[in-house]
Amino acid sequence: AQRVTQPEKLLSVFKGAPVELKCNYSYSGSPELFWYVQYSRQRLQLLLRHISRESIKGFTADLNKGETSFHLKKPFAQEEDSAMYYCALSYTGTASKLTFGTGTRLQVTL
Amino acid sequence: GAGVSQSPRYKVAKRGQDVALRCDPISGHVSLFWYQQALGQGPEFLTYFQNEAQLDKSGLPSDRFFAERPEGSVSTLKIQRTQQEDSAVYLCASSSRTSVNEQYFGPGTRLTVT
């Protein structure tokens with residue numbers, strides 16, 4: 001069965017410090033990996049997906065199939081990055097359900 | 001255009017009551033998903049529609065949960081004889097034919113069963 005693990009419930013960093021939100025997955029196949037973000041009092045929204053290989057708002061994530069990881073990174077945290085971050089996976093190609101991790105709250109302080 | 005909308009935004013039900021939660025997907029989106037998010041957890045899949053066809057209902061926790069999308073647009077999630085463990089945020093998401101795995105979420109309905 002597919003599973004997504006986010007080991008940290010809360011990550012607190014200072015403004016300007018590097019950020020790494022951890023995500024590990026288990027899946028027997030070729031998954032598609034995503035990061036979703038939920039800012040305070042806003043809806044869940046897609047931040048980035050591994051197949052697009054983009055940098056969004058300074059965040060990047062690389063799929064490491066050997067370590068089954070998809071960690072989210074940003075070199076310099078900003079206050080506006082404070083939010084709840086969810087890692088998720090689905091099957092590649094066809095429309096299918098997302099399996100989410102339990103989420104990590106990122107708190108960026110001055 | 002407008003994003004995914006859900007109504008009501010908040011619902012309080014007494015245990016044993018039936019509730020109906022509505023989802024209006026983005027116009028033209030063929031895929032529609034329902035998720036349940038308990039406090040402190042990530043969203044968990046309930047069911048999936050492609051147009052009016054319910055292709056996957058493996059996540060529905062019991063036969064008290066029922067979802068429909070009769071005309072391939074608006075969807076309703078119905079919970080019969082609500083229990084306290086049904087208290088959660090219910091999220092709806094939709095995706096288009098061209099970006100099938102890019103799901104757009106609604107604001108959710110927070111259901112509290114007392």
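The values are calculated or read from the model by the stated rules, or taken from the named source; none is laboratory data. Keep in mind the model is a prediction, meaning the values are calculated, not measured. Positions of Cβ are backbone-derived with ideal geometry, glycine not excepted, and every protein chain shown enters the neighbour counts. For accessibility, only protein heavy atoms count, side chains too; no ligands or nucleic acids. Shrake-Rupley method; radii C 1.70, N 1.55, O 1.52, S 1.80 Å.
Extent along the principal axes, Cα only, for the protein assembly as shown: 49, 37, 36 Å, with the longest axis given first.
Given in Å, the Rg to one decimal and the Dmax to the nearest whole number for the Cα atoms of the range A:34-73 are 11.1, 37.
Using the 1.4 Å probe convention, the accessible area of the protein assembly as shown works out to 50 Å² per residue with neighbouring protein chains retained. For the residues B:K78, A:K73, A:K65, a 1.4 Å probe over the protein chains yields an accessible-area ranking, largest first, of A:K65, A:K73, B:K78. Just so you know, the Cα atoms of the range A:54-95 work out to an Rg and Dmax of 12.6, 36 Å. Per q in 0.10, 0.19 Å⁻¹, report the Debye log10 I(q)/I(0) for chain A, using one uniform scatterer on each alpha carbon and no solvent. With no solvent term, the Cα-only Debye profile gives -0.26, -0.93. Just the protein heavy atoms count here, and of the accessible area of the range B:62-105 at 1.4 Å, carbon and sulfur take up 46 percent. Percent of C-alpha pairs per 5 Å bin in chain B, short distances first: 2, 13, 24, 27, 19, 10, 4, 1, 0.
The accessible surface of chain A, taken with every protein chain in place and a 1.4 Å probe, is 51 percent carbon and sulfur. Other chains' Cβ within 10 Å of B:87-97 residues: what's the mean? The shielding value for this peptide is 1.
With an 8 Å cut-off on Cα pairs and a minimum separation of 6 or more residues, tell me the relative contact order of chain A in percent. Don't skip to the end; give the middle numbers.
Details: 266 pairs, mean separation 41.8, N = 110.
Worked out over chain A, it gives 38 percent.
Am I reading the A/B interface right? What is its buried accessible area, both sides, 1.4 Å probe, to the nearest 100 Å²? Don't skip to the answer; put the middle values down first.
Details: alone 6450 and 6400 Å², together 11280 Å².
Looking at A and B, the buried total is near 1600 Å².
Pairwise Cα separations in the range B:42-94 fall into 5 Å bins from 0 onward with the following percentages, short to long: 4, 18, 31, 27, 13, 6, 0.
Mean separation of Cα pairs under 8 Å and 6 or more residues apart, divided by the residue count, gives chain B a relative contact order of 37 percent. Lysines near A:K57 by alpha-carbon distance under 30 Å, same-chain residues fewer than 8 away left out - which ones? Within the straight-line limit of under 30 Å, A:K57 reaches these lysines: A:K9, A:K15, A:K22, A:K65, A:K73, A:K74, A:K97.
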